[in-house]
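Report on the following structure.
The values are calculated or read from the model by the stated rules, or taken from the named source; none is laboratory data. Since the structure is predicted, the reported quantities are computational estimates derived from the model, not experimental observations. Glycine gets a Cβ as well: all are built from the backbone with ideal geometry, and neighbour counts include every protein chain shown. Areas reflect the complete protein model, heavy atoms only, side chains present, ligands, DNA and RNA absent. Shrake-Rupley method; radii C 1.70, N 1.55, O 1.52, S 1.80 Å.
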Amino acid sequence: MANIKTTADVAEWLAKKTAEAERHVDQTTAQTPKQMFLPGLEEAMRALPNHINRSSLFAPIARGRRRFHRQQEMVGRADVVVSYTGEQLDEADADLMLQLLFDARKHPLGHAVPFNRAALLRSMGRATGSTQYEWLHRRMKALTEGTIFIEARHKDGTKKYRIGHTKAFHILADISYDADTEIYTYTLDPRWIIMFDNREYSLLDWNKRLQIGTGQDLAKALQRLFATSNDSPQRYGLDWLKGKMQYEGRTRDFKQSLDRAGLELKRLEIVTAMKIERSTKGKDQLAVWLSDEHRHSVAL
């Protein structure tokens with residue numbers, strides 16, 4: 001620092017050193033295998049980081065042609081920025097990711113994890129056969145091609161962590177498939193552990209998720225969202241919720257879809273009540289009351 005003479009010089013030097021340190025930590029963490037220990041993650045449970053479940057990264061999108069996002073900032077909480085490049089992801093992709101993370105729990109992140117494609121599909125409650133195998137291969141490729149950038153901040157605005165800023169973060173770091181044995185192997189970036197740290201993850205009742213009816217992807221998305229908090233009731237602005245769910249239709253149709261999803265979640269005793277009400281500012285919002293069983297699983 002001998003040649004630094006002004007306050008501006010000091011600030012520039014500090015910024016440069018901070019960026020260098022950040023780059024070193026990001027790249028080193030990405031290359032260092034980590035064991036993932038998630039309290040409460042038992043056979044009947046699955047888990048995703050809260051910041052993922054609160055964002056629109058996975059959404060109950062309509063069937064048909066998917067959009068391709070390019071460094072698109074996802075809808076989410078104000079204290080977290082999630083940007084995504086890749087093919088639009090739906091709730092079936094969320095199911096796949098939940099199962100892949102679960103299967104990886106006994107392997108250090110960064111090491112290859114093997115699985116039999118038929119066994120994996122059955123664990124997701126899906127049929128086996130050529131159509132499903134083709135779907136699985138497409139989605140594994142999409143998750144490998146998809147890259148995300150996440151920046152999380154503390155309540156006071158200070159930075160908590162950044163992932164993918166200096167080294168690309170792929171949802172799946174790598175995949176391979178052996179046609180002779182029908183075995184896939186996949187690798188998860190060790191930086192996943194950062195998002196799960198400090199118990200910042202949602203526990204989902206897997207058996208109940210598998211019982212959610214066909215055509216009820218909105219109910220699946222709401223299950224993931226509600227699991228990010230043990231609060232009951234929870235309230236979400238309808239405009240925000242519509243954006244988070246990537247719903248592009250009319251608001252009145254979205255309300256009807258929410259009513260149907262609420263009935264499904266009540267049938268499975270994930271919630272006890274769910275309704276649209278007016279906020280103190282006169283805006284429509286969704287209010288939900290969780291079942292005691294669901295609150296217990298979230299709190300584990």
If you take every residue apart from Leu48 with its C-beta less than 11 Å away from the C-beta of Leu48, what net charge results, scoring Lys and Arg +1 and Asp and Glu -1? +1
I'd like to know which of Asn50, Thr158, Ala179 lies farthest towards the positive end of the charge dipole of the chain, counting +1 on Cβ of Lys and Arg and -1 on Cβ of Asp and Glu. Thr158
Where a ≥ b ≥ c are root eigenvalues of the Cα gyration tensor, a/c under 1.5 meaning rounded, otherwise prolate if a/b exceeds b/c and oblate otherwise, the range 32-104 counts as prolate
Let's see if you can work this out: charge +1 on each Lys and Arg Cβ, -1 on each Asp and Glu Cβ, no other charges. What is the dipole magnitude of the range 93-227 about its Cα centre, in debye to the nearest 20? 500
FRET efficiency estimate (nearest 0.05) - Cβ-Cβ, Thr214 to Ala287, R0 35 angstrom: 0.85
Given labels modelled 7 Å from the Cα in the Cβ direction, how far is it in nm from Arg105 to Ala119? 1.6
Run through every distinct alpha carbon pair of the chain and return the Kirkwood hydrodynamic radius in angstroms, one decimal place. 20.6
Rg/Rh for the range 38-185 to two decimals, with Rh computed the Kirkwood way over all alpha-carbon pairs. 0.97
Compute the FRET efficiency between Trp135 and Arg278 as 1/(1 + (r/R0)^6), taking r as their Cβ-Cβ distance and R0 = 30 Å, and round to the nearest 0.05. 0.10
Which entries in the list Lys208/Lys275; Lys141/Lys255; Lys155/Lys220; Lys167/Lys281; Lys159/Lys244; Lys208/Lys281 go over 31 Å, if you measure between the two C-alpha atoms of each? Lys141/Lys255; Lys167/Lys281; Lys208/Lys281
Simple SL model, points at 7 angstrom along Cα→Cβ for His154 and Ser176; separation in nm is 4.3
For the chain, the percent of accessible surface on carbon and sulfur atoms (probe 1.4 angstrom, ligands and nucleic acids excluded) is 47
Taking the Cα centre as origin and putting +1 on Lys and Arg beta-carbons and -1 on Asp and Glu beta-carbons, what dipole magnitude results for the chain, to the nearest 20 debye? 780
Grab the Cα-Cα distance for Thr147 and Arg260, subtract it from 0.36 nm times how many residues apart they are, and report the gain in nm with one decimal. 37.4 nm
Identify the residues of the range 184-216 with backbone N under 11 Å of a label point that sits 7 angstrom from the Cα of Gln31 along the Cα-to-Cβ direction, or state none. none
Tabulate in residue order the Karplus-calculated ³J(HN,Hα) for the range 119-128, using 6.51 cos²θ - 1.76 cosθ + 1.60 with θ = phi - 60°, rounded to whole Hz; enter x for Gly and Pro. 5, 5, 4, 5, 5, 8, x, 9, 6, 10
Amide H neighbours of Met45 at under 5 Å, excluding residues fewer than 5 places away on the same chain, with H built from the backbone geometry, are Trp206
Taking the alpha-carbon centroid of each part, what is the distance from the range 129-189 to the range 265-279 in angstrom? 32
Taking the convex hull of the alpha carbon atoms in the range 165-300, what volume per residue do you get, in Å³? 181
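Find the accessible area per residue for the chain; the probe is 1.4 Å, ligands and nucleic acids are left out, and the unit is Å².
51
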